[in-house]
Amino acid sequence: FTACNVTTQIVAQVASNQYGGQSFTLSHLAPFVDVSRQKLRKSVIEERIESGEVLDDAIIDKITERRLRTEVQSGIQTIQYQVVTLLTTNGQAPFVTVYMYLDEAKNPQEKKDLAMIIEEVMLQRMQGVKNEKGVWITPAFPKLIYVLDEDNITEGSKYWHLTELAAKCTAKRMVPDYISAK
């Protein structure tokens, strides 16, 4: 959540001091998912000890991952709503593009965490944001770019579910745009 908040602050500062667009990749947020996971896991263990509950790793992991998913949802929502409501010093919304490229992850766990972030971005973009009349609309920014590669391009590949989700998002909101890793 903190990393997402800092990201929007950086977007605001950069947009206010330049003309044209800017971009960032969700892979920069992925390492912070594990930081949150470790913090949440520690908290879950402390709570279970305080309440006299069993310290079963499977239960601790399940609770930790559920809380982690909630934190990722909040973080992505922060990015979405802050970018939509930001105005630069020249009075424009920042022209921001977000890249979603799984192979930028540095290790398998980070790749899974990046996939979680990408999934959440797609789900929230499919939902849209409420306008001043309370109607769900498609925000203009950030633009989304989804990278197609070996691990998400064919049915049955490990991250095929993300490509299916991207296609559903495109059908509903006309984003993301697609590029090939090649």
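A few remarks follow.
- Among 34-42, 129-137, the order from most to least packed when residues are scored by Cβ within 10 Å on average: 34-42, 129-137
- Debye, to nearest 20: dipole size of the range 5-119, +1 on Lys, Arg Cβ, -1 on Asp, Glu Cβ: 240 debye
- Measuring nothing but how far apart in sequence close Cα pairs (under 8 Å, 6+ apart) lie, relative to its length, the range 1-87 scores a relative contact order of 51 percent.
- The chain: angle of helix 30-50 to the longest principal axis, Cα-based, in degrees nearest 10: 30 degrees
- Among the protein heavy atoms of the range 21-108, carbon and sulfur supply 54% of the accessible surface, probe 1.4 Å, non-protein parts ignored.
- Listed values (1) 9, 33, 33, 18, 6, 1; (2) 8, 23, 30, 24, 9, 4, 1, 0; (3) 9, 36, 35, 16, 3, 0, entry calculated as P(r) over Cα pairs in 10 Å bins from 0, in percent: (1)
- Principal-axis tilt of helix 160-173 within the chain, Cα atoms, nearest 10 degrees: 40 degrees
- C-alpha center-to-center spacing [the range 1-23, the range 120-154] in angstrom: 18 Å
- Using C-alpha pairs under 8 Å with a sequence gap of at least 6, the mean separation divided by the residue count of the range 28-182 gives a relative contact order of 21 percent.
- In the context of the full set of protein chains, residues of the range 1-76 present 61 Å² of accessible surface per residue (probe radius 1.4 Å, heavy atoms only).
- For the range 75-137: relative contact order, % (alpha-carbon pairs under 8 angstrom, 6 or more apart): 24 percent
- Antiparallel content of DSSP bridges confined to the chain, in %, to 5: 15 percent
- Cα gyration tensor category, rounded, prolate or oblate, for the range 51-158 with a/c compared to 1.5: oblate
- Rounded accessible area of Phe95 (nearest 10 Å², 1.4 Å probe): 100 Å²
- Helix-only mean residue ellipticity at 222 nm for the chain, each DSSP H run of n ≥ 4 adding -39500 (n - 2.57), per residue, nearest 500: -18500 deg cm²/dmol
The values are calculated or read from the model by the stated rules, or taken from the named source; none is laboratory data. It should be emphasised that the depicted structure is a prediction, and the values quoted were computed from it without experimental measurement. For neighbour counting, all protein chains shown are included, and Cβ atoms are generated from backbone atoms with ideal geometry for every residue, glycine included. Keep in mind that these areas ignore ligands, DNA and RNA; they rest on the heavy atoms of the full protein, side chains included. Shrake-Rupley method; radii C 1.70, N 1.55, O 1.52, S 1.80 Å.
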